[in-house]
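The values are calculated or read from the model by the stated rules, or taken from the named source; none is laboratory data. Because the structure is predicted, anything quoted here is derived from the model rather than measured. Every residue, glycine among them, receives a Cβ derived from its backbone with ideal geometry; neighbour counts consider all protein chains shown. Surface accessibility is based on the protein's heavy atoms, side chains included, excluding ligands, DNA and RNA. Shrake-Rupley method; radii C 1.70, N 1.55, O 1.52, S 1.80 Å.
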Amino acid sequence: MTAKRRISMPGGREIDQEVEIVAQPSPAIQPMRRPSRYNQEDYSTGVQEQEYRDPGQPTRSFGFWDAVPIICLLIAAGGIGYIGAKRFVQRQQDLVTQYGEDVALYGNTYENMREITRTFKKKLGPGVLRGQMFKSFTRELFTGGVMSVETIERVQDAKELLKISDSKAVQCFNEVGLEVRSQPSVLGKILFTAERILGAKALEKLEIRKMFRYSSATVDDLQRSVLDRVYREACENALDEEEATMAPAREADVLKLSQAEAENIFRSVVLERQRLREEEAAKALEEEEQALGSGQQLEVPVEPIEEQPTVHAYQCSDCGYTLFPAAGREFKFFGSDFACPQCGASKDKFVDLNEEE
């Protein structure tokens, strides 16, 4: 069975189309559907009607307003990523600063420094920030403490734990120097330390000397003064704690002092201490004489002041090695089996320098 129907075409034209009608059994209950623009059903004929598209008509392209939602999403994602990255960088910088403060304050032993360094390495991740950690520590150490042998040893330990090369250490020292160039005392500490832990090739790139406002000769004099003061303190500590009879070797090695220089400084410290003791004894005797001369009655009899033993310096006539035994304790170091620590000469090769004077 056939039938005709009229179809509207683009441009206002109308055509008649012949269609074949096929009778089909309908279900008991047929669901109702809302006709759509692209799927309309002619209920009178039971034939679906499809939208006709003219092949010559251009299709609609993807325009600017279609891209706006996507652009907004990308901008939002980029903003969130930027904020997250900025917070991450700030967190890393805070951890680096905290590391420098903690090591400078609590890393007074190698074990403590190693534990603190291990903890912060885990927090910071891979070692891309090791140079910043070293820089943070040295800045805190140089600006907050006095120069000493321990200062040099701690910087050397940090350099080893963080695996900082000489070239990287020079870069860190130069950057710290630029930050504190208005503080000559801090520049002096950086220069003093760098010249004792870095090789000659790396020191060629060190620019700390150029940051001083003084002449090169003045800088050298200041550095020599620091060296003398630091080693004198080491000698004082050795005499107080161990009653040392020779120049401290470990400290001299850290400071890159020759043996002769170390012995000269040690001897001057020993003689200075002896002079101070003699002055104190003379002052006490003078006060007692003044008290007796003023007619004051002393209930306690005055005991004679024992003469303080003189410090003797003994030098080996074979190699020049010098000993400074504590006053009154020479017998301990000149027993029958005594020999020169440097060349092995017997005790009769040692000459008392005080007697020569």
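Tabulated results
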{"read-out": "Within the range 248-266, considering residues that are assigned to a loop (DSSP other than H, G, I, E, B) and open to solvent by less than 60 Å² (accessible area, probe 1.4 Å), the one farthest from Arg154 (Cα to Cα)", "value": "Ser258"}
{"read-out": "Cross-chain or 6+ apart pairs with Cβ under 9 Å, the range 312-323 first and closer than 23 Å to Arg273 by Cβ and at pLDDT below 70, then of a type in the set (Ser, Thr, Tyr) and open to solvent by less than 50 Å² (accessible area, probe 1.4 Å)", "value": "none"}
{"read-out": "Members of the range 196-210 that are open to solvent by 20 Å² or more (accessible area, probe 1.4 Å) and in contact (Cβ under 8 Å) with a residue 24 or more places away in the chain", "value": "Arg196, Ile197, Gly199, Lys201, Leu203, Lys205, Leu206, Glu207"}
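Table: residues versus (1) closer than 18 Å to Leu323 by Cβ; (2) over 31 Å from the mean Cα position of the chain (by Cα); (3) open to solvent by 90 Å² or more (accessible area, probe 1.4 Å).
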residue: Arg224; (1), (2), (3): no, no, yes
residue: Asp228; (1), (2), (3): no, no, no
residue: Glu243; (1), (2), (3): yes, yes, yes
residue: Met246; (1), (2), (3): yes, yes, no
residue: Leu276; (1), (2), (3): no, yes, no
residue: Ala282; (1), (2), (3): no, yes, no
